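The values are calculated or read from the model by the stated rules, or taken from the named source; none is laboratory data. Small disclaimer: the values here were computed from a predicted structure and weren't measured. Cβ coordinates were reconstructed from backbone atoms using ideal geometry, including for glycine residues, and neighbour counts include every protein chain displayed.
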Amino acid sequence: MDRVRRGAGPAGVLVAVLAGAIAGAIAGAMAGAMAGGFPDLHVYRYGGDAVLHQARLYDADDPVTGYPFTYPPFAALVMVPLALLPSSLAATVWTGASTAALVAGIAVVLRARGTPTSPWLVVLLAAVALALEPVWQTLAFGQVNLLLMLALLADLLGPWRRWSGVLVGIVAGIKLTPLVFVVLLVLTGQRAAAIRAGAAFGLTVVAGFLALPDSAAAYWSDGLLDARRVGPPALAHNQSLHGALTRLLGEPVPIWLWLAVAAPAALAVLGVAARWWPRDRLLAIGLAAVAMLVASPVSWSHHWVWAVPIALALGERSRPAAVAWTAVFVARPIVWPPWAAGREYDWRWFEHLPGDAYLLAALTVAVGAALALNRRPRDAVPLHGRCG
């Protein structure tokens with residue numbers, strides 16, 4: 001079993017990761033020359049520049065794109081190296097790193113599940129993953145999603161114990177929604193890892209106050225639950241329950257109504273994830289990601305890069321389910337109905353089905369996972385190591 005689990009060994013996988021980084025860097029260099037490319041990367045560099053110049057982070061928008069910086073102050077601190085690079089070089093490095101993170105994330109999943117980690121298999125799966133809309137949108141926008149997903153997978157699937165939970169807390173300090181994974185650790189009895197995650201998150205908050213005290217005070221006191229600060233909630237690309245409710249009602253959703261619907265739904269999915277943890281940790285992590293995406297006020301389509309590890313989890317249990325799941329994210333039905341400029345408010349009833357496709361597919365998987373809990377766990381996929 002150890003020989004199979006190792007497959008081609010770490011060296012072969014490292015070559016695959018480096019190849020992905022080089023390919024991504026070349027793509028980044030080519031796209032970086034395009035005007036207006038990588039809009040979110042520009043915002044990250046704006047955040048890093050605000051730290052360097054002690055500017056008020058949330059009082060103005062990025063001058064290149066006109067987009068606001070919507071992450072916690074610690075995220076701006078992390079982005080300082082990007083601000084020190086010329087924009088074209090930053091695009092090259094960032095795209096290469098994101099592509100490498102995709103390859104490495106797949107390798108982490110395969111090795112944790114005992115699947116032979118041939119570099120050719122890893123590269124093949126990564127190539128298929130590039131066809132999923134959330135993945136190529138992440139690369140096109142210069143988003144941070146793939147890097148954060150790799151950190152979470154490495155932490156939650158890794159065999160180490162002393163540092164388990166630390167990366168979860170750091171990632172949550174960059175983007176708040178991964179705090180859902182701290183709840184998962186608590187529900188699964190991984191209390192030490194949950195404490196480490198909470199402590200790491202707390203340190204990111206402190207770091208944000210030390211680096212940008214005024215901006216940190218503004219961030220943690222204003223607008224955390226205001227979905228409009230990151231864009232129009234009704235936009236088709238917002239595949240959260242908040243977005244679906246906004247489109248369905250044809251008007252902005254009151255916070256109380258969003259919380260009344262999203263909180264129970266997310267907790268229910270987290271409950272299913274916790275019960276899957278001892279049987280199939282990857283599926284449990286994927287379900288926790290679904291809970292995160294469902295509960296968030298805004299889950300843009302590129303946030304759904306979690307479609308990749310969920311597809312890998314489904315593939316070992318039901319190939320048809322994995323193919324159907326992947327097809328949804330390749331076909332991109334969310335933009336089949338008219339969208340943008342408020343046209344989502346006028347959708348007919350049947351247009352909400354493709355228009356909410358990512359959300360509906362995720363809820364379907366969660367319901368299916370809940371029903372499957374009553375079956376005999378003969379097909380459980382053990383994962384080595386504990387988060388304890």
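For beta carbons closer than 6 Å, sequence separation of 6+ or different chains, a first residue in segment 14-41 that is of a type in the set (Gly, Ala, Ser) and a second that is modelled with pLDDT under 80 and assigned to a helix (DSSP H, G or I), the qualifying pairs are 37/31. Restricting 98, 164 to those that are in a loop (DSSP other than H, G, I, E, B), touching a residue at least 40 places away in the same chain (Cβ under 8 Å), small (Gly, Ala, Ser) and buried (at least 23 other Cβ atoms within 10 Å of the Cβ) reduces the list to 164.
Okay, residues lined up against (1) modelled with pLDDT of 95 or more; (2) farther than 22 Å from residue 244 by Cβ; (3) among the aromatic types (Phe, Trp, Tyr):
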| residue | (1), (2), (3) |
| --- | --- |
| 287 | yes, no, no |
| 299 | yes, no, no |
| 302 | yes, no, no |
| 307 | yes, no, no |
| 310 | yes, no, no |
| 316 | no, yes, no |
| 320 | yes, yes, no |
| 323 | yes, yes, no |
| 327 | yes, no, no |
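Of the residues 43, 17, which is on the phi < 0 side of the Ramachandran plot, surrounded by 17 or more Cβ atoms within 10 Å (Cβ to Cβ), at pLDDT 95 or above and in a helix (DSSP H, G or I)?
Working: 17 fails: at pLDDT 95 or above.
Selected residue: 43, the only one of 43, 17 that is on the phi < 0 side of the Ramachandran plot, surrounded by 17 or more Cβ atoms within 10 Å (Cβ to Cβ), at pLDDT 95 or above and in a helix (DSSP H, G or I).
The single condition among (1) under 26 Å from residue 40 (Cβ atoms); (2) of a type outside the set (Ser, Thr, Tyr); (3) in contact (Cβ under 8 Å) with a residue 24 or more places away in the chain that residue 182 does not meet is (3). The residue that is farthest from the chain's Cα centre (by Cα), among those in segment 104-136 that are over 18 Å from residue 17 (Cα atoms) and surrounded by 20 or more Cβ atoms within 10 Å (Cβ to Cβ), is 113.
Yes or no, residue by residue, for (1) of a type in the set (Val, Ile, Thr); (2) in contact with a strand residue (DSSP E or B) (Cβ under 6 Å, 6 or more places away or on another chain); (3) at pLDDT 95 or above; (4) within 19 Å of residue 292 (Cβ to Cβ):
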{"site": "121", "(1), (2), (3), (4)": "no, no, no, no"}
{"site": "129", "(1), (2), (3), (4)": "no, no, yes, no"}
{"site": "147", "(1), (2), (3), (4)": "no, no, yes, yes"}
{"site": "155", "(1), (2), (3), (4)": "no, no, yes, yes"}
{"site": "163", "(1), (2), (3), (4)": "no, no, no, no"}
{"site": "167", "(1), (2), (3), (4)": "no, no, yes, yes"}
{"site": "170", "(1), (2), (3), (4)": "yes, no, yes, yes"}
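The selection criterion, being in a helix (DSSP H, G or I), of a type in the set (A, V, I, L, M), in contact (Cβ under 8 Å) with a residue 12 or more places away in the chain and farther than 26 Å from residue 286 by Cα, holds for residue 218. Does segment 109-119 hold any residues that are touching a helix residue (DSSP H, G or I) at 6+ places or on another chain (Cβ under 6 Å), in a helix (DSSP H, G or I) and at pLDDT below 95, and which are they? Matches in segment 109-119: 112, 119.
Apart from one condition, residue 195 fits all of (1) of a type in the set (Val, Ile, Thr); (2) part of a helix (DSSP H, G or I); (3) closer than 19 Å to residue 286 by Cβ; (4) over 21 Å from the mean Cα position of the chain (by Cα); the exception is (3). Just one of the numbered conditions (1) under 22 Å from residue 304 (Cβ atoms); (2) not in a helix (DSSP H, G or I) is not true of residue 149: (2). Inclusion of residue 270 among residues that are under 19 Å from the mean Cα position of the chain (by Cα) and either closer than 25 Å to residue 106 by Cβ or surrounded by fewer than 22 Cβ atoms within 10 Å (Cβ to Cβ) (or both) is warranted. Looking at 291, 244, 322, 263, just one residue is small (Gly, Ala, Ser), part of a helix (DSSP H, G or I), without any contact (Cβ under 8 Å) to a residue 60 or more places away in the chain and under 26 Å from residue 349 (Cα atoms), and that residue is 263. Of 52, 57, all but one fail to be surrounded by fewer than 17 Cβ atoms within 10 Å (Cβ to Cβ), over 30 Å from residue 156 (Cα atoms) and among the aliphatic types (A, V, I, L, M); the exception is 52.
When segment 228-252 is examined, which residues are found to be among the polar types (S, T, N, Q) and closer than 15 Å to residue 177 by Cβ? Give the derivation first.
Initially, segment 228-252 is screened for residues among the polar types (S, T, N, Q), giving 238-240, 246.
238, 239, 240 - these are the residues of segment 228-252 that are among the polar types (S, T, N, Q) and closer than 15 Å to residue 177 by Cβ.
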